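Below: the structure, in structure tokens.
FYI, it's all coordinate maths here, none of it is from the lab. Just so it is clear, the structure is predicted and the values come from calculations on it, not from any experiment. As a convention, Cβ positions derive from the backbone with ideal geometry for all residues, glycine included, and neighbour counts pool all protein chains shown.
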Amino acid sequence: MKNGAQTLLHTLVNGGVDVCFTNPGTSEMHFVAALDTVPEMRAVLTLFEGVATGAADGYARMADKPAATLLHLGCGLGNGLANLHNARKGKVPVVNIVGDHATYHVQYDAQLQSDIETSARNVSTWVRTTQKTEDLGRDAAEAIATSMGPPGQVATLILPADVSWTEGGEVAELPALTPPDRATDDVIQTIAAALKSGGKTAILLGGRALREPSLLAAAKIAAQTGAKLFAEVFPTRIERGAGLPHVERIAYLAEFASVQLTGVEHLILVDAKAPVSFFAYPGKKSYLVPDGCTVHTLANFAQDAQGGLDALVKQLGAEAAVPALQGAERPDLPSGKLTAEKVCKAVGHLLPERTIIVDEAQTSGVMLATNTAGAPRHDLLALTGGAIGLGLPLAVGAAVACPDRPVLALVGDGSAMYTIQALWTMARERLNVVTVVFSNRSYAILNVELQRVGASGAGAAAKSQLDISNPNIDFVEISRGMGVPATRATTAEEFIAALKQGFANPGPYLIDAVVPNALGGLKLLALPHVLSALGSLPQPIAAGLKKKIAP
């Protein structure tokens, strides 16, 4: 007879969840022991819960199925909440297993006792504490099914220690999953009429609509109607490169996003929400859809985006339309003193086919999109929820999901320090991840935000809170100390040689790319004035400024 932990593991594996990113404690020891009885489950140890949750996110984005996490009590869950927030915003399926005190021990309010369910509800659409071993298999199957959606969701199953060690569990099968429906014929006809109205139209793609089949369908619609194609600011996963349609991402800076959307009369949403500003700014709009623009939803998060796009292609008679595809082109190799833009050029020149790019480069990655647009086919994973510290864990999960593909993690130095422990897991699992840390010694994005929010009186004390140069962080020593070979690059030539080495050799590798702030000095001082002036400039000039600063 199986105990609860064995029942849970068998149910997970039977439901397709065969990878678990772990950071266990005492209450999870029976789960840990049960791993030897279920060899189909791959357990990947992490040294911090935020690495476990971010890795589960990265795995699911690339495997198209959930991974599990194993977390220790409410404190462990709390340590992983930021990256669960990113998974929730990205509509990514994750199944959390959170250990708890034995049911009869809760009454004593021991040192680690906390309200796990309340913490979990911040990031989970489904939360349950299993009270009896005989219910565990059923609860686990429901958690898996819920996480898969659509849309993908975070599900948290709380496992009391005595439920885990008690015998009598029954392995459960997943409930039948209902395929998502597509938009009704009336909605399809209305959107087709809007696209043929003669006004300026745009299609905003997100979620699974940024995969090749949906991109090609959307590009046919664009070719037939003249609609502009956009992608959400931080896509969960977007397929890019030569031979695929080029889709322009909505800009992070709200002022630039408004320039992109100026004059749009009909905005069609496909597995995406209408664009809003990341933060509120004095005197500026939060809702970025132009006044007078009609918003149409071809596919909400629970609907079949591909089915809706295919139906719209048919309704428009666009089956034979020729989609515009990105040509194969690479930037020239740079030379001289290293800058963030030169890093992006080198990446675009050297990027191997089928690379998975994890983009948490922040301000240093402003030129990444334009320099990789014509590179060989690749996937890009972005910071969906805006909570930094996702890049390195996301790369861990992506590499576990796709061991035959190279992974390139581009991270800012401040972001990297949130979850630097991920390097240890890369070394332990021999993951094919090349990490590039943009060492500009600053929370550079916050220097931009300090200017934009109009905060007055910012002097030396304020600016010191955004400066991480005292002392400088030695990423080479940190990386080597965690078992990952590393080198530092201060020139383009050094960076190119290091990137070639990283791509050529199996296993993890780190490059500490020492670069100046991409938006520093006079650029930083001028930026707020440029942004404020955009609304009063002629559209061609405003669009040209946007393209120059944030292509």
What does the chain give for Rg and for Dmax, in Å, if only its C-alpha atoms count? 24.1, 75
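Report the full-extension gain for the segment E212 to Q501: residue separation times 0.36 nm, less the Cα-Cα distance, to one decimal in nm.
101.0 nm
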Semi-axes of the equivalent ellipsoid for the stretch 304-348, please: Cα gyration tensor eigenvalues, times 5, square-rooted, ordered largest first, whole Å. 41, 13, 6
If you find the alpha carbon centre of the stretch 349-380 and of the stretch 478-513, how far apart are they in angstrom? 17
Cβ-derived FRET efficiency at R0 35 Å, D332 paired with S536, nearest 0.05: 0.40
What is the P(r) of the stretch 202-266, as percent of Cα-Cα pairs per 10 Å bin from 0? 22, 53, 24, 0
List the lysines whose Cα lies under 20 Å from the Cα of K463, skipping any in the same chain that are fewer than 8 positions away. K523
Karplus couplings for the stretch 466-472 from phi (6.51 cos²θ - 1.76 cosθ + 1.60, θ = phi - 60°), rounded to Hz, Gly and Pro as x? 10, 10, 10, 9, 10, x, 5
Could you work out how far the C-alpha centroid of the stretch 95-144 sits from that of the stretch 149-177, in angstrom? 10
Using a ≥ b ≥ c from the Cα gyration tensor of the stretch 69-179 (square roots of the eigenvalues), is it rounded, prolate or oblate, where a/c under 1.5 gives rounded and otherwise the larger of a/b and b/c decides, a/b for prolate? oblate
So what are the ³J(HN,Hα) numbers for the stretch 142-150, from phi and the Karplus equation (6.51, -1.76, 1.60; θ = phi - 60°), rounded to whole Hz, Gly and Pro as x? 5, 4, 4, 4, 5, 4, 6, x, x
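Quick one: grab the alpha carbon gyration tensor of the stretch 355-447, order the square roots of its eigenvalues as a ≥ b ≥ c, and give me rounded if a/c is under 1.5, else prolate or oblate depending on whether a/b is larger than b/c.
Because a/c hits 1.5 or more and a/b fails to exceed b/c, the stretch 355-447 counts as oblate.
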Translational diffusion coefficient, Stokes-Einstein: compute it for the stretch 373-512 using the Kirkwood radius over C-alpha pairs as Rh, at 10 °C and 1.306 mPa s, and state it as an integer in µm² s⁻¹. 98
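Let me make sure I get this right: for the stretch 1-157, a, b and c are the square roots of the gyration tensor eigenvalues over alpha carbons, sorted descending. Under 1.5 in a/c it's rounded, otherwise prolate if a/b > b/c, else oblate. Which is it?
Numbers: a/c = 1.43, a/b = 1.14, b/c = 1.25.
Rounded.
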If each of E493 and A302 carries a label point 7 Å out from its Cα toward its Cβ, how far apart are those two points in nm? 6.1
How big is the dipole moment of the chain about its Cα centre under a simple scheme where the beta carbon of each Lys and Arg is +1, that of each Asp and Glu is -1, and everything else is neutral? Debye, nearest 20, please. 1960
Given only helices, namely DSSP H runs of n ≥ 4 each adding -39500 (n - 2.57), what is the per-residue ellipticity at 222 nm of the chain, to the nearest 500 deg cm²/dmol? -11000 deg cm²/dmol
Using the Cα centre of the chain as origin and beta-carbon charges of +1 (Lys, Arg) and -1 (Asp, Glu), tell me which of A222, A387, S119 is placed farthest towards the positive end of the dipole. A222
So if I place +1 on the C-beta of Lys and Arg and -1 on the C-beta of Asp and Glu, and nothing else carries charge, what would the dipole magnitude of the stretch 375-483 be about its Cα centre? I want it in debye, nearest 20. 80
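Just the number, please: percent antiparallel of the DSSP beta bridges in the chain, rounded to the nearest 5.
Rounded to the nearest five, the antiparallel share is 10 percent.
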Considering only C-alpha atoms, what is the centroid distance from the stretch 273-338 to the stretch 209-223, in Å? 10
Burial-style ranking of 473-486, 312-325, average other-beta-carbon count within 10 Å with highest first, yields 473-486, 312-325
